[in-house]
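Take a look at the structure set out below.
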Amino acid sequence: MPTLLFYLFALIALLFGAGVIVNRNPVSSALCLVMSFVGLAALFIQLDAFLIGIVQILVYAGAVMVLFLFIIMLLDLRSEKRRRINRLAWIGGAGVTAAFVFLLLAALQNFQGERFPALRPDIAATLRAENLPADAASTDSALIALTAGRLPDVHLTGEVLFTRFVLPLQIVGALLLVATVGVVVLSKRRLT
Amino acid sequence: MPALNDYLFVSGLLFAIGLAGVILRRNIIIIFMSLELMLNGANLSLVAFSRYRLVNGLPDYNAQALVFFIITVAAAEVAVGLAIIVALYRARKTTHVEDINSMHY
């Protein structure tokens with residue numbers, strides 16, 4: 001059953017991904033991109049990355065796609081008119097892509113993929129209990145979930161983000177602010 | 001369950017689709033969407049590696065933190081990029097990259 005779901009969602013992600021670049025109408029391309037992201041989010045969730053899967057839906061399928069559709073409709077883009085294609089550029093581009101796929105196949109052929117390892121929350125729970133002060137162990141919700149055999153994914157991701165990656169997290173926050181200000185400046189009608 | 005190879009293959013194919021879109025398409029907005037597709041292909045391989053290389057019985061959360069940062073930076077990039085496209089459209093009234101050639105040669 002998990003294998004079947006993997007093929008289903010991988011197929012959704014890939015087919016709609018191909019739809020993005022095949023469609024002539026930008027709106028259909030954007031909607032194909034949403035479906036591709038949803039399939040990808042399902043793959044993330046199947047890989048036990050629940051937080052990333054949900055963030056993928058919220059940020060990509062939600063915010064980013066609304067922005068794309070908004071811009072497409074703001075600019076009132078119609079289907080592209082067919083133009084004379086530059087045959088040399090087209091052959092070159094297709095060649096580069098084919099070469100990439102060929103390299104991918106060649107690399108994966110020699111790569112011994114591992115089997116899907118089972119999660120061991122019990123090992124993590126004992127390690128975590130050793131590192132916690134004795135009085136904190138009884139109230140630590142992640143430890144309770146791990147002992148019960150569940151995966152407190154959001155808790156653990158947040159812990160890594162707010163301990164090991166505090167500085168990058170702050171920098172990314174500043175980056176978002178800079179991007180917001182930059183977009184406002186760019187969108188002003190007259191740049192003085 | 002599928003093996004790591006299968007996930008890497010899907011991730012590589014998504015990247016290849018995005019690459020083909022960036023190279024072959026001439027509409028700047030479609031090129032931008034294809035870029036997002038490439039970023040997501042890379043994200044999938046990161047998440048797959050994080051799940052298949054367990055650390056103390058749990059997925060490797062360093063990789064998932066990296067994916068989180070990639071998604072954040074990609075969101076900022078989309079906002080700035082689309083603002084640039086709007087500014088470009090106002091100046092040139094086109095989103096076709098072959099019409100934007102004042103820096104050509």
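Within the range A:75-90, track down each residue that is more than 7 Å from every other protein chain (Cβ to nearest Cβ), surrounded by 11 or more Cβ atoms within 10 Å (Cβ to Cβ) and either at pLDDT 80 or above or assigned to a helix (DSSP H, G or I) (or both).
A:A89
Could you list all residues from the range A:107-158 that are β-branched (V, I, T) and in a loop (DSSP other than H, G, I, E, B)?
A:T139
Under 7 Å by Cβ, and 6 or more places apart or on different chains, what pairs join a residue from the range A:16-33 that is in contact (Cβ under 8 Å) with a residue 12 or more places away in the chain with one that is charged (D, E, K, R) and part of a helix (DSSP H, G or I)?
Once the first residue is in contact (Cβ under 8 Å) with a residue 12 or more places away in the chain and sits in the range A:16-33, its partners that are charged (D, E, K, R) and part of a helix (DSSP H, G or I) give A:L33/B:E36.
Find the residue count for the range B:73-105, including only residues that are touching a strand residue (DSSP E or B) at 6+ places or on another chain (Cβ under 7 Å) and either farther than 18 Å from A:L186 by Cβ or at pLDDT 85 or above (or both). Spell out how you get there, then give the answer.
So the first thing to find is which residues in the range B:73-105 are touching a strand residue (DSSP E or B) at 6+ places or on another chain (Cβ under 7 Å), and the list is B:95-96.
With either farther than 18 Å from A:L186 by Cβ or at pLDDT 85 or above (or both) added as a condition, the list becomes B:96.
The qualifying residues number 1.
Could you tell me whether any residue of the range A:125-138 is surrounded by 12 or more Cβ atoms within 10 Å (Cβ to Cβ), of a type in the set (D, E, K, R) and closer than 30 Å to B:G81 by Cβ? Steps first, answer last, please.
Of the range A:125-138, the ones surrounded by 12 or more Cβ atoms within 10 Å (Cβ to Cβ) are A:125-129, A:132, A:137.
From what's left, of a type in the set (D, E, K, R): A:128.
Cutting the leftovers down to closer than 30 Å to B:G81 by Cβ gives us none.
No, there is no match, as no residue in the range A:125-138 is surrounded by 12 or more Cβ atoms within 10 Å (Cβ to Cβ), of a type in the set (D, E, K, R) and closer than 30 Å to B:G81 by Cβ.
What are the residues in the range A:42-51 that are touching a residue at least 60 places away in the same chain (Cβ under 8 Å) and either in a helix (DSSP H, G or I) or of a type outside the set (A, V, I, L, M) (or both), if any? Before the answer, list the steps.
Step one: filter the range A:42-51 for residues touching a residue at least 60 places away in the same chain (Cβ under 8 Å), giving A:48-51.
Passing the criteria: A:D48, A:F50, A:L51.
Go through the range A:28-61 and give me each residue that's within 30 Å of B:R26 (Cβ to Cβ) and more than 10 Å from every other protein chain (Cβ to nearest Cβ). Lay out the reasoning, then the answer.
Here is the first cut: in the range A:28-61, the ones within 30 Å of B:R26 (Cβ to Cβ) are A:28-41, A:56, A:59-61.
A:S28, A:L31, A:V34, A:M35, A:V38, A:A61, listed by residue number.
List the residue pairs whose Cβ atoms are under 8 Å apart, where the first residue sits in the range B:36-55 and is in contact (Cβ under 8 Å) with a residue 12 or more places away in the chain and at the interface with chain A (Cβ under 9 Å from one of its Cβ atoms), the second is among the acidic types (D, E) and buried (at least 17 other Cβ atoms within 10 Å of the Cβ), and the two are 6 or more positions apart or on different chains.
The qualifying pairs are B:S50/B:D60.
What about B:L4, is it under 25 Å from A:L8 (Cβ atoms), modelled with pLDDT under 95 and surrounded by 21 or more Cβ atoms within 10 Å (Cβ to Cβ)? Steps first, please.
On the way: under 25 Å from A:L8 (Cβ atoms): yes; modelled with pLDDT under 95: yes; surrounded by 21 or more Cβ atoms within 10 Å (Cβ to Cβ): yes.
Judged against the criteria, B:L4 is a match.
Criterion first (at the interface with chain B (Cβ under 7 Å from one of its Cβ atoms), under 22 Å from the mean Cα position of the chain (by Cα) and within 18 Å of B:A20 (Cα to Cα)) does A:I71 satisfy it?
Working: at the interface with chain B (Cβ under 7 Å from one of its Cβ atoms): yes; under 22 Å from the mean Cα position of the chain (by Cα): yes; within 18 Å of B:A20 (Cα to Cα): no.
Spelling it out, it is not the case that A:I71 is at the interface with chain B (Cβ under 7 Å from one of its Cβ atoms), under 22 Å from the mean Cα position of the chain (by Cα) and within 18 Å of B:A20 (Cα to Cα).
Do you know which residues across the range B:14-24 are at the interface with another protein chain (Cβ under 7 Å from one of its Cβ atoms) and crowded, with 21+ Cβ neighbours inside 10 Å?
Here is the first cut: in the range B:14-24, the ones at the interface with another protein chain (Cβ under 7 Å from one of its Cβ atoms) are B:14, B:16-17, B:19-21, B:23-24.
Residues satisfying the conditions are B:L14, B:A16, B:I17, B:L19, B:A20, B:G21.
Are there any pairs, at least 6 apart or on different chains, whose C-beta atoms fall under 9 Å, with the first in the range A:68-95 and in contact (Cβ under 8 Å) with a residue 40 or more places away in the chain and under 19 Å from B:M33 (Cβ atoms) and the second acidic (D, E) and part of a helix (DSSP H, G or I), and if so, which?
If the second residue must be acidic (D, E) and part of a helix (DSSP H, G or I), no pairs are left.
The values are calculated or read from the model by the stated rules, or taken from the named source; none is laboratory data. In this text, all values refer to a predicted model and were calculated from it rather than measured experimentally. Cβ atoms come from the backbone with ideal geometry, glycine included; neighbour counts cover every protein chain shown.
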